[in-house]
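What follows is calculated from the coordinates using simple rules that are stated; it is not laboratory data. Everything quoted here is computed from the prediction, not taken from an experiment. When we count neighbours, we look across all protein chains shown, and the Cβ atoms used for this are built from the backbone with ideal geometry, even at glycine.
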Amino acid sequence: MKNPIHNTKKEKVLTGDRATGQLHLGHFVGSLQQRVKLQHEHEQTILVADLQGLTDNGHNPHKVSSNILNVVADYLAVGIDPSKTTICLQSAIPALSELTMYYSNLVSVARLQRNPTVKNEIASKSFGSSIPTGFLTYPISQAADITAFKGTLIPVGDDQLPMIEQTNEIVRKLNHIAQDDILVECRPLLSKVPRLPSSDGKSKMSKSMGNCILLSSSEKDISKAVKSMYTDPKHLNVEDPGQISGNVVFTYLDAFHSDPSYINDLKARYQKGGLGDGTTKRILEECLQDLLKPLRERREIFISDKAQLIDILRIGSQKSQEESNQVLNNVKRAFGLNLFNL
Ligand code: ATP
Ligand code: MG
């Protein structure tokens with residue numbers, strides 16, 4: 001029989017978002033909804049990853065600096081509560097950069113190049129032969145983020161699975177060097193929608209690709225995005241049987257509609273023939289407008305009080321500095337570089 005005490009034990013939840021733009025529907029279903037629930041049961045830290053945002057924006061740092069508070073406002077709008085969740089800023093926590101430096105000695109360039117997410121991103125960002133060093137090594141910096149807060153449960157989209165695997169490799173290597181379990185392994189928590197596609201169905205909805213329905217999108221932009229959504233290109237007439245697989249409207253209805261049995265009936269009618277894309281899009285649009293209107297309104301209030309957002313980040317970052325310095329000291333000791341016994 002499972003130990004009931006073990007089952008109720010609090011986990012340390014750690015996640016983050018790059019400060020490369022406002023948060024979108026992919027974040028909402030991929031991770032934010034889970035974070036809102038987890039904050040009631042566990043200890044949670046969320047990191048606004050501004051340094052990681054710089055790894056492909058070194059030439060355009062304004063893009064990162066101008067989005068830090070946008071991301072915090074999005075958190076508050078979806079219901080992340082700073083009295084329950086620590087919200088902190090990556091660049092304000094020096095231990096994270098130091099840990100990255102130590103860990104980078106345990107990871108080969110070949111291993112980084114084999115990371116499938118990094119590989120895909122390098123190809124899609126057309127760096128050519130000028131891949132920024134920080135970009136290639138960002139999985140190491142993510143390992144620093146996760147381990148610095150002793151994160152055990154990581155609610156993420158599926159593009160982050162290779163990062164978690166790499167983090168655990170670093171944890172095992174370091175614990176072997178230390179001959180002690182000074183770092184803890186983590187595991188991912190995927191949602192029912194681990195990768196929300198963009199409206200054209202061609203790629204993951206992603207801030208950097210500019211293919212997003214934002215949590216702050218206007219009624220008009222939501223309507224436009226739904227109307228242009230990819231469906232079944234062979235479904236030319238209403239009476240034709242339509243295909244569900246690859247049909248982005250149904251992917252979104254599965255992700256966002258509150259009544260799965262209604263959506264199943266809709267799918268059956270669509271497959272049989274007699275249901276037009278105009279109708280399915282109208283149903284989806286109504287559902288997204290209902291979801292996003294209150295979020296947009298809440299967000300407008302939060303973004304208008306920048307001082308409050310900065311305070312939340314400052315308080316969270318101070319707390320995080322203390323936590324992460326302890327881990328850094330243990331790592332330095334493992335490498336024998338604690339001459340001053342700090
Ligand atoms: P960028 O294009 O700058 O990388 P992004 O849109 O990919 O931005 P991130 O900040 O990289 O967003 O990701 C933050 C978290 O949100 C990660 O856990 C990631 O897996 C998740 N996430 C991002 N996009 C999606 C998506 N389309 N579907 C599900 N989860 C997502
Ligand atoms: Mg990303």
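Under a straight-distance cross-link criterion of Cα-Cα below 18 Å, which aspartates and glutamates are reachable from Lys227, leaving out those fewer than 8 residues away in the same chain?
Those aspartates and glutamates meeting the cut-off are Asp200, Glu219, Asp254, Asp277, Glu285, Glu286, Asp290.
Exactly which chymotrypsin sites (Phe, Trp or Tyr not before Pro) in region 39-148 are in a DSSP loop and have at most 14 other Cβ atoms within 10 Å?
Of the chymotrypsin sites (Phe, Trp or Tyr not before Pro), the ones in loops of region 39-148 whose Cβ has at most 14 other Cβ atoms within 10 Å are Phe127.
Report D for region 219-301 in µm² per second (integer): Stokes-Einstein, Kirkwood Rh on Cα pairs, 20 °C, 1.002 mPa s.
The Stokes-Einstein estimate is 161 µm²/s.
Which entries of Lys202/Lys272; Lys12/Lys293; Lys12/Lys332; Lys150/Lys192 have Cα-Cα distances beyond 30 Å here?
Over 30 Å Cα-Cα: Lys12/Lys293.
Which lysines, if any, have their Cα less than 24 Å from the Cα of Lys63, not counting same-chain residues under 8 positions apart?
Excluding near neighbours in sequence, the set is Lys119, Lys125, Lys204, Lys207, Lys306.
Would you compute the Debye intensity of the chain from its alpha-carbon atoms alone, equal scatterers and no solvent, and pass along log10 I(q)/I(0) at q = 0.11, 0.12, 0.14 Å⁻¹ to two decimals?
Log10 I(q)/I(0), no solvent term: -0.78, -0.91, -1.17.
Under the Karplus relation 6.51 cos²θ - 1.76 cosθ + 1.60, θ = phi - 60°, what is the ordered set of whole-Hz ³J(HN,Hα) values for region 104-114, x standing for Gly and Pro?
Running phi through 6.51 cos²θ - 1.76 cosθ + 1.60 with θ = phi - 60° gives 5, 7, 10, 10, 7, 4, 4, 5, 5, 5, 7 Hz.
Out of Val109, Ile68, Gln90, whose Cα points farthest toward the positive end of the dipole of the chain (charges: +1 Lys, Arg; -1 Asp, Glu; placed on Cβ)?
Val109
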